[in-house]
Amino acid sequence: MAGAAWHRGAVTVVRVARPADLARLRDVEVAADELFVPLGITDLPAPASATERARSWRVLVVGEPVQGFAVLELLDGAVHLEQLSVDPEHGRRGLGAALLAATVQAAAEQGADRVTLLTYADVPWNAPFYARHGWRETGELTPGLRALRRREEELGLDRHGRRVAMVRSLTTG
């Protein structure tokens with residue numbers, strides 16, 4: 001699966017990560033996590049290793065070398081967006097939006113009826129960003145989402161703000 005999105009006169013190509021890309025994901029995530037520091041959030045969990053990311057259902061990337069990525073898992077009949085990170089050095093250029101569009105495309109190709117995610121409700125580049133791209137908050141947690149929320153609570157993520165589940169339906173009506 002590969003996709004392309006047009007942004008400001010340029011083409012952003014989203015592709016499935018190659019094994020060589022996986023080592024770069026950690027650097028991108030560390031750089032992206034720096035955006036949380038001014039909010040007082042300095043103790044996010046360490047990024048997953050390349051080996052852990054290789055076990056994901058699908059990892060999508062943009063850029064050569066990688067400038068952003070989306071980690072996708074299969075969860076309760078849906079595609080779950082486990083992680084989206086864009087290196088701030090390459091931010092505000094539509095890379096996150098392109099990754100979201102490719103995520104939706106991958107979910108549709110998989111036959112999923114929705115894409116889910118967990119995120120901070122009040123961080124501008126979290127829930128408000130996803131809402132602008134068609135996700136909505138949901139209180140209807142599947143067993144898998146409930147388990148992920150429990151894990152987030154164990155990691156202490158709730159101490160930094162309200163966490164929400166969001167869903168983007170891929171069906172009409």
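Quick notes
- For region 96-173, the relative contact order is 46 percent, taking Cα pairs closer than 8 Å that sit 6 or more residues apart in sequence and dividing their mean separation by the residue count.
- Per-residue extension of 0.36 nm, minus the Cα-Cα distance of Asp113 and Asp27, leaves a gain of 27.7 nm for this segment.
- Within region 72-134, trypsin sites (Lys or Arg not before Pro) in DSSP loop having at most 11 other beta-carbon neighbours inside 10 Å: Arg92
- Relative contact order of the chain, defined on C-alpha pairs under 8 angstrom at six or more residues apart (%): 20
- Near Ala17, the amide H atoms lying under 5 Å from its own belong to Val59, Leu60, Val61; only residues 5 or more places off or on other chains count, and H is placed 1.01 Å from N.
- Karplus (6.51, -1.76, 1.60) ³J(HN,Hα), θ = phi - 60°, over region 138-151, in Hz, Gly and Pro reported as x: 9, x, 8, 9, 6, x, x, 5, 4, 5, 5, 5, 4, 5
- In region 121-173, the chymotrypsin sites (Phe, Trp or Tyr not before Pro) that fall in loop regions by DSSP, at most 14 other Cβ within 10 Å: none
- Calculated over region 93-173: convex hull of Cα atoms, volume per residue (Å³): 109
- Hull-based mean projected area of the chain, where the convex hull spans the alpha carbons, in square nanometres: 9.9
- Across region 13-25, rounded Karplus estimates of 3J(HN,Hα) from the backbone phi angles (6.51 cos²θ - 1.76 cosθ + 1.60, θ = phi - 60°) give 9, 9, 9, 6, 4, 8, x, 5, 6, 4, 5, 6, 4 Hz, Gly and Pro being marked x.
Computed from the coordinates by the stated procedures, all read-outs in this text should not be read as laboratory data. Being a predicted model, the structure only gives us computed values, none of them experimental. All Cβ positions, glycine included, derive from the backbone under ideal geometry; neighbour counts span all protein chains shown.
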